[in-house]
Amino acid sequence: EKIIPTTCPFCGVGCRLDLHLNGNQISHVTTPYDDLTSKGNLCVKGRYGWDFVYHHDRVLTPLIRKDFDAGTATRRRAPARRDDWREASWDEALDVVTTRFAEIVEKHGPDSAAVFCCAKATNEDNYALQKLFRAVIGTNNIDHCTRLCHAGSVVALQMAVGSSAMSNSGSDIYACDVAIVTGSNTAESHPIIALQFKDAVMRHDTKLIIVDPRRVEMVNFAALWLQQRPGTDVPLFSAMANVIIQEKLCNNAFLDARTENFETFAKAMQDFTPEMAERISGVPAEKIIRAARMYATAKNGAIYWSLGIPEHTHGTENALALVHLALLTGHIGRRGTGLNPLRGQNNVQGASDAGAMPWHYPGYQESNDPRTVEKFRAKWGHTPPVGRGLTTTEIADAWGTGAVKAQYVMGENPLMSEPNLRHAHHAIEHLEFLVCQDVFINETGRYADVILPSATFAEKDGTYTNTDRRVQRVRKAFEPLGQARADWEIISAVATRLEQKLKRPRTAYWAYKHPSEIWDEMRELVPAIAGISYERLETERLQWPVPTLDSPGTPFLFGETFPRGRAKFFPLVYQPSVEEPDEKYPYALTTGRVLYQRIPCENGSPVRVSSRRGNVVLRARVTEKAAPGVVFVPFHYAEAAANTLTIDALDPQAKIPEYKICAVKIEPATLRELQDALPLDLIPLLAPSAPRAEPMRESF
């Protein structure tokens, strides 16, 4: 038996996985008890969720649509079926991709192309892909799913303190006396962090304040639960700030030494009384006062949040309201405190660090700073584009207007993740060329002209960066199945050919032989990771910033100063959500991971949930987890995609959609309607002649 240590490819916690191999077959997965993150524990996904590597639907050879030359109108009106693709060699597929991109870019300009990078791929994969689009094509139309999750948090933290990452380590919960956990179904989204929360409560007497519209599992471990109405976070947290100011619970020494604009902020907070917040949020004023006192008087107080905070049209303001609480009390800059956005995907932090964003080069270096532009020009041999590119949601709109004509998608699925999916489906019809690089053919891939087969996490080397800024190795356990290739290898091959077809001077380096070479290039350009080498990662798990090779890393940020100098307060006003329940659509929809409503219905009965944008038919589950009037629909299932219902209104600053609230109605449906809602062609998407792994037997 051979054991390969690697990192879990699922959530942002970043647990170590030991892959136990019999030949090229993973027999089972364990994790060591001395692992800093998992401490010997794995959730069900990490321990048993690796079998997708051998799934019969994997794409194992390049595919090209048979009607590729038939024209856009006939090609993308409906998703492709199995027989609509043909197998191709890598040379042919790469030639088609680079020829079409070159034709479109030469005719319509660099900004007619766009790319979605991938929060599931490695740092090296994402760096290479953004480099391809900046250095070779010349566009900043580069984004990934951070735009659809924590974009509001990123903007708020950059505004207030100058850095958008989680400030503290996950294990700091053990040094925390009181923790606010809000907008996070931690037990399901980040199970190992939830386990640490529970352990801290039971063994270390940590007090949890859970703020959530639903009775999530962590409520069972809470000292206090504030069940607010969806979309009312600003008045709730601002009322807590009001209490802290009025009762003189502020850390005045911290305010004087390290913040600015407090007086203006304090004046604005006078309107946010607990009574006013109770009227809007539904949380009793006495609970708001108690929560404020608990957090402010703690020796060490921390704030943790997930997507329930930023996924609003006022998501930036929601996150700022949390930042204000930490600044008022000085609960930042030491162990057991901090501002801690829990990142969702395994490498959404790393993809952002690597430059998969429309207005930042790698390392969050501004794309409109002349010194930054020159720095990257000197390294890449091409002048990268200056200024702001389009975000994910803006790119999808640009498909429909024709502004974006060629789209490259690596490991993302916008036809499931975009809000108002009917609009996205209509827009994608207008693309002239679509290439998808992935392990499977997903809903978006079924509209692609070319499919490029990617290697899985078990078949490639690289690094992920987890939610608390910890860079960790991903190690190849065996060669990719079939003709699949590592993403960075595919990207390098595309870049080399595209440089020739666009007649670019071949000065940008693409002859990488190993992802460590890509990482070393990143280190030269990004000061925060300059001291992190592959050699160090063999024995150390380092949290950036690590500016030098002798730096031990940074377990918590802001110990002495903030990147922007003084942290800044921002006066807030309450803005209701764009679409709230009314007489026609009387329920508030929130999305995430079960269904509650006040209509005559039983568990398992079919219901139709409708918004102003569409409807889905699904089975009801009656539960007391949500407040009356709140409907919860999981966003995972293509058969009843929650984003058919969601509104495409955006946070004006972060450009993140309002996934967490829109108005819906619920009506009884029939079993026939439920059956008709299921897909008619759950097709096997593996080309028949592609090699398959032997079917796995149950190991446990």
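The values are calculated or read from the model by the stated rules, or taken from the named source; none is laboratory data. Treat the numbers as computed from the prediction; the structure is a model and nothing was measured. When we count neighbours, we look across all protein chains shown, and the Cβ atoms used for this are built from the backbone with ideal geometry, even at glycine.
A few comments on the model shown:
- Looking only at residues in the stretch 171-193 that are modelled with pLDDT under 95 and out of contact with any Gly (no Cβ under 9 Å at 6 or more places or on another chain), the one that is surrounded by the fewest Cβ atoms within 10 Å (Cβ to Cβ) is Ser171.
- Within the stretch 396-423, tally of residues that are more than 19 Å from Ile137 (Cβ to Cβ) and over 19 Å from the mean Cα position of the chain (by Cα): 5
- Residue satisfying all of: in the stretch 21-36; in contact with a His (Cβ under 8 Å, 6 or more places away or on another chain) and surrounded by 17 or more Cβ atoms within 10 Å (Cβ to Cβ); farthest from Ala477 (Cα to Cα) among these: Val29
- Selection status of Glu311, in contact with a helix residue (DSSP H, G or I) (Cβ under 9 Å, 6 or more places away or on another chain) and assigned to a helix (DSSP H, G or I): no
- Filter result for the condition that a residue is within 17 Å of the chain's Cα centre (by Cα) and over 13 Å from Asn340 (Cα atoms), over Phe133, Phe116: Phe116
- Within the option set Asp95, Asp67, Asp91, being among the acidic types (Asp, Glu), touching an Asp or Glu at 6+ places or on another chain (Cβ under 8 Å) and in the same structural domain as Gly445 (by TED's automatic domain parsing) holds for one residue only, Asp67.
- So Ile428, is it within 23 Å of the chain's Cα centre (by Cα), under 27 Å from Tyr364 (Cα atoms) and among the hydrophobic types (A, V, I, L, M, F, W, C): no
- Of the strands (runs of 3 or more DSSP E) entirely within the stretch 142-256, those holding at least 3 residues that are touching a Leu at 6+ places or on another chain (Cβ under 8 Å) occupy 178-182, 207-211.
- Residues of the stretch 489-523 that turn out to be of a type in the set (Gly, Ala, Ser), surrounded by 16 or more Cβ atoms within 10 Å (Cβ to Cβ) and assigned to a loop (DSSP other than H, G, I, E, B), as a count: 1
- Among the strands (runs of 3 or more DSSP E) confined to the stretch 1-118, the ones with at least 3 residues that are at pLDDT 95 or above and under 27 Å from Leu537 (Cβ atoms) are located at 2-7, 16-22, 25-30.
- Checking Leu94, Leu42, Leu129 one by one, the residue that is within 30 Å of Asp172 (Cα to Cα) and crowded, with 17+ Cβ neighbours inside 10 Å is Leu42 and no other.
- Any hit, the stretch 550-573, residues being crowded, with 19+ Cβ neighbours inside 10 Å, among the hydrophobic types (A, V, I, L, M, F, W, C) and either within 19 Å of Tyr127 (Cα to Cα) or in the same structural domain as Arg377 (by TED's automatic domain parsing) (or both): no
- Failed item in (1) at pLDDT 95 or above; (2) in a loop (DSSP other than H, G, I, E, B), with Leu325 passing the rest: (2)
- The set of residues from the stretch 510-551 being among the hydroxyl-bearing types (Ser, Thr, Tyr) and within 22 Å of Ser492 (Cα to Cα) comprises Tyr512, Ser516, Ser533, Tyr534.
- Candidate set from the stretch 526-549 (those that are within 23 Å of Asn340 (Cα to Cα) and of a type in the set (Val, Ile, Thr)); member that is surrounded by the fewest Cβ atoms within 10 Å (Cβ to Cβ): Val526
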